[in-house]
Every structure is written in C-alpha cells, then in structure tokens.
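**Q** Mind having a look at this structure? Questions to follow.
The values are calculated or read from the model by the stated rules, or taken from the named source; none is laboratory data. Because the structure is predicted, anything quoted here is derived from the model rather than measured. All Cβ positions, glycine included, derive from the backbone under ideal geometry; neighbour counts span all protein chains shown. Calculation scope for accessible area: heavy atoms of the full protein, side chains included, ligands and nucleic acids excluded. Shrake-Rupley method; radii C 1.70, N 1.55, O 1.52, S 1.80 Å.
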Amino acid sequence: MLKIIDRYIMKKYLSTFVFTVAIFCVVIVIFDISEKIDDFNKYGATMTQVFFQYYALGSLPFFINMLTPLFNFIAVIFFTSKMADQTEIVPILSGGMSFNRLLRPYMICAGLIFAMTLISNIYVIPYTNKYKVNFENVYVKPNKVSTTSSSIHMQVDSNTYVYMGSFDTKSKVGYNFSLEKFDGDKMIEKLMAERVTWDSVASKWSLHTFTNREINGFKEKMLSGEKRDTTLDMRPQDFESYENVFTTMDQKELNERISKEEVRGTGMMNELLLEKYKRIINPFSAFILTLIGVSLSSKKVRGGIGLSLGLGIGLSCIYIVLERFSSMFSIKGGLDPLISVLIPNVIFLILSFYLLKKAPK
C-alpha cells in the first residue's frame with residue numbers, strides 16, 4: 001500500500017522529471033536549429049517540415065530517449081536535494097522509516113521510466129528515427145550520405161558467395177557482379193554479369209550481359225546472354241551504409257538482419273548486436289541512477305542544492321561518455337557488444353551500492 005509520503009515523493013519525482021525533459025527539449029531545439037538553420041535554408045526545408053517532421057516526429061524523441069538517464073538523474077538529484085535542504089528527509093528517517101523503505105517510491109517511479117524507455121526503444125524510436133534520418137539525408141547532409149558501396153563480399157547462404165565491384169543503393173544498380181556456388185570445397189557454378197539491377201515489382205535481380213559456368217566434375221557447361229532474372233536472398237537495403245541505419249530498424253527487422261549476418265559475415269555484426277543490446281539493457285539505468293541520485297542528495301550538505309546538482313550532472317556526463325566510448329571500442333576495436341553495453345551499467349551499479357552504504361540511515 002502506498003502511504004501519503006510515497007505519493008508525495010512520487011509526485012515530486014515525476015513532475016520534476018517531466019519539467020526537466022521539457023526544459024531540455026527547448027534548449028535542444030534552440031541549439032540544434034541555430035546549428036542547422038543554414039542547411040535547412042540551403043536545401044529548401046520549410047518551417048512546417050522542420051518543426052513537425054524533423055523535431056516533433058524525429059529528432060526530439062531521439063534526444064529524449066538518448067538523454068533519459070541524464071534527465072532522470074538530474075530530476076532525482078534536484079528534488080531530493082531540495083527536500084534535504086528543507087529538512088524533510090531527516091524527520092522521515094527519524095520517524096522510524098528506514099532508508100531502504102524510503103527508496104520504495106523512488107523505485108516505483110524508476111520502474112515506470114524503465115518501462116517507458118524499454119517500450120520506446122523497441123516499438124517507438126525505430127519508427128521516429130526513420131523520420132529523423134530521412135529528413136537529415138535530404139535537408140541536412142545529403143552530400144555526406146554514401147549511396148555507393150564498393151568491393152562488396154557477401155555470403156548469401158552456406159554454399160553461395162556474391163561479389164560486386166560497386167553498388168548504388170539509390171539507383172539499385174551494381175557492377176562487376178559475380179556469384180559462386182560450392183559443394184563442400186568444390187565450385188559447381190560461377191555466374192558473372194557486367195551489371196545487375198533490382199526489380200522492386202517482381203522482387204528479383206536482373207543480370208545484364210551475363211556468363212554462367214556450371215561445373216560437374218570434368219564436365220563444364222557455358223551459357224551466356226544479354227539478360228537473365230534470378231532470385232537471391234539479398235536486397236538493396238542490405239548494402240545501405242548511411243549513419244545510424246540500424247537505429248531505424250524495428251525489432252523484427254533487426255533480428256532478421258542479425259540472422260542473415262551470421263551467414264553472410266559482412267562485418268556489421270557488432271553494430272547490429274550493439275543496437276539490440278542497447279535497446280534492452282540501457283533502460284535499467286533508470287534504477288541504477290536513481291539509487292545513486294538518492295544516496296548522493298538525501299543528506300543536507302553545506303553547498304546546498306547546487307553542489308549536489310553539479311555532482312549529479314557530472315556523473316551523468318561520465319555515464320554517457322562511458323557508454324559512447326564502450327560502443328566505439330565494440331565497433332572499431334572488436335570488443336564484445338554485450339560487454340560493451342554492460343560496462344557503464346556495471347560500473348555505476350557498483351558505485352550505487354557503495355553510495356547506498358554511505359547514505360544516511
């Protein structure tokens with residue numbers, strides 16, 4: 001059963017969290033639009049597109065989701081420090097309530113934020129990221145988007161390998177195509193074409209100026225022609241290389257891409273697994289940072305709210321930096337994606353237990 005003090009703390013927690021998110025949203029939009037206003041004007045984006053398509057549907061959900069640990073931590077630090085400064089915490093503990101019991105309303109609110117973040121990561125953010133990425137690719141950095149991939153090596157299935165000299169995801173045309181099929185360690189077929197195009201209506205590939213060589217022991221069969229249609233387990237989107245492409249995939253698409261990557265081995269597995277683990281594990285930071293926030297700010301200190309708030313913002317920044325560094329080590333350095341996602345959370349979990357022991361009883 002929730003008591004009056006529980007409802008009081010929960011009301012302060014959630015109202016401060018919402019207020020913090022609102023303030024930061026205004027700041028984010030102001031700074032972001034001042035940085036990109038020249039690009040918006042240069043590439044012809046209207047104000048309606050900027051505010052509704054880019055910010056409301058794309059950019060703001062992305063930033064709110066990314067910075068939720070920061071918002072949550074600042075909210076807990078702010079209102080708990082204020083309660084301690086106004087001598088509200090001491091009477092609660094002196095009245096017989098243990099510190100662990102005091103944590104109950106905090107953990108309930110942290111659970112609500114955890115659920116909200118987890119649901120957003122899986123069901124909302126991938127779709128809003130599509131608005132963000134598509135808008136940026138047209139009106140912010142169209143010249144920086146790579147539509148051409150070169151020297152593509154892909155394993156389509158356990159026996160089939162594909163090579164393309166280059167492929168343009170915009171025109172869906174590839175050049176210097178080669179397909180090799182093996183039976184064990186013996187090649188049984190090699191198909192080559194000067195050009196390959198994707199037929200989106202029929203969902204198949206068209207080979208232009210092709211040569212097909214079939215090998216059966218010492219016997220070979222050669223066939224050539226101007227055009228041939230074929231079905232392969234690959235799509236043009238498999239070659240997309242623009243920034244944050246995996247963040248726009250829903251959970252089903254992400255799992256399917258991971259399954260294909262296990263066979264193909266194109267070098268994107270760490271990025272795929274990193275995105276998957278982040279969506280599931282990072283929401284737990286709501287509990288971890290709440291524990292740290294309460295432990296740090298529940299004691300009245302000489303520096304007042306400002307000292308606790310500054311320390312909280314500093315720790316939040318350290319958490320975000322750790323998360324970014326560990327992600328880069330996974331993508332560029334080969335660190336296991338699961339370990340990469342766990343590193344900042346485990347470090348701060350240990351810190352939360354340490355601070356919990358030092359908290360006032």
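**Q** Could you order the peptides 351-357, 258-264 from most to least packed, using the average number of other C-beta atoms within 10 Å per residue?
**A** Top to bottom by mean Cβ count within 10 Å: 258-264, 351-357.
**Q** Quickly estimate the mean residue ellipticity at 222 nm for the chain, helices only: each DSSP H run with n ≥ 4 gives -39500 (n - 2.57), and the total goes over all residues, rounded to 500.
**A** Calculated from helices alone, the mean residue ellipticity at 222 nm is -19000 deg cm²/dmol.
**Q** To the nearest 0.05, what FRET efficiency results for Ala56 and Leu223 with a Förster distance of 56 Å applied to their C-beta separation?
**A** Once the sixth-power term is evaluated, E becomes 0.50.
**Q** Using only Cα atoms and rounding to the nearest 10 degrees, what angle (0 to 90) does helix 60-85 make with the longest principal axis of the chain?
**A** Once rounded, the angle reads 10 degrees.
**Q** Tell me, how many Å apart are the Cα centres for the range 172-246 and for the range 304-348?
**A** 44 Å
**Q** Another one. Hey, what's the range 21-83 come to in accessible area per residue, 1.4 Å probe, Å²?
**A** 46 Å²
**Q** Compute the Rg to Rh ratio over the range 208-361 from the alpha carbon atoms, using the Kirkwood formula for Rh, and round to two decimal places.
**A** So for the range 208-361, dividing Rg by the Kirkwood Rh gives 1.28.
**Q** Now a separate question. Report the dimensions of the range 1-67 along its three principal axes from the alpha-carbon atoms, largest first, rounded to Å.
**A** 58, 18, 18
**Q** Rank by packing, highest mean first: peptides 226-238, 316-328, with packing defined as the count of other Cβ atoms within 10 Å averaged across residues.
**A** In decreasing order of mean packing, 226-238, 316-328 become 316-328, 226-238.
**Q** Assign one of three labels to the range 77-133, namely rounded, prolate or oblate, based on the Cα gyration tensor with a ≥ b ≥ c the square roots of its eigenvalues; rounded applies when a/c is under 1.5, prolate when it is not and a/b is larger than b/c, and oblate otherwise.
**A** It comes out oblate by the Cα gyration axes.
**Q** Which number gives the lysine pairs in the range 167-257 that have C-alpha atoms under 25 Å apart and are eight or more places apart or on different chains?
**A** Number of lysine pairs found: 23.
**Q** Assuming a ≥ b ≥ c are the square roots of the Cα gyration tensor eigenvalues, decide whether the range 96-235 counts as rounded (a/c under 1.5), prolate (otherwise, with a/b larger than b/c) or oblate.
**A** In terms of gyration-tensor shape, prolate.
**Q** Using a Förster distance of 25 Å, how high is the FRET efficiency between Lys357 and Phe325, based on the Cβ-Cβ distance and rounded to 0.05?
**A** Result of the calculation: an efficiency of 0.35.
**Q** When the dipole is taken about the Cα centre of the chain, and only Lys, Arg (+1) and Asp, Glu (-1) are charged at their Cβ, what size is it in debye, to the nearest 20?
**A** With Lys and Arg at +1 and Asp and Glu at -1, about 1580 debye.
**Q** Please work out the average accessible area per residue across the range 272-315, using the 1.4 Å probe convention, and give it in Å².
**A** I get 41 Å² per residue for the range 272-315.
**Q** Read phi for every residue in the range 155-161 and hand back ³J(HN,Hα) as whole Hz from Karplus 6.51 cos²θ - 1.76 cosθ + 1.60, θ = phi - 60°, with x for Gly and Pro.
**A** Result, ordered by residue: 9, 6, 9, 5, 10, 10, 10 Hz.
**Q** Please report the Cα spread of the range 25-143 along all three principal axes, rounded to whole Å, starting with the longest.
**A** Its Cα atoms span 64, 30, 21 Å along the three principal axes.
**Q** If you roll a 1.4 angstrom probe over the protein chains with everything in place, what fraction of the accessible area of the chain belongs to carbon and sulfur, to the nearest %?
**A** Looking at the chain in its full context, I get 61 percent from C and S.
**Q** Using label points projected 7 Å from each Cα along Cα→Cβ, tell me how many nm separate Lys130 and Asn100, to one decimal.
**A** Taking the two extended label points, one gets 4.7 nm.
**Q** Let me ask something additional. With θ set to phi - 60°, apply the Karplus curve 6.51 cos²θ - 1.76 cosθ + 1.60 along the range 350-356 and write out the HN-Hα couplings as whole Hz, x wherever there is a Gly or Pro.
**A** Working through the residues one at a time gives 4, 4, 5, 5, 5, 5, 5 Hz.
**Q** What full-extension length gain, to one decimal in nm, is calculated for Tyr8 and Lys186 as 0.36 nm per residue of separation minus the Cα-Cα distance?
**A** Separation in residues times 0.36 nm, less the Cα-Cα distance, equals 56.8 nm.
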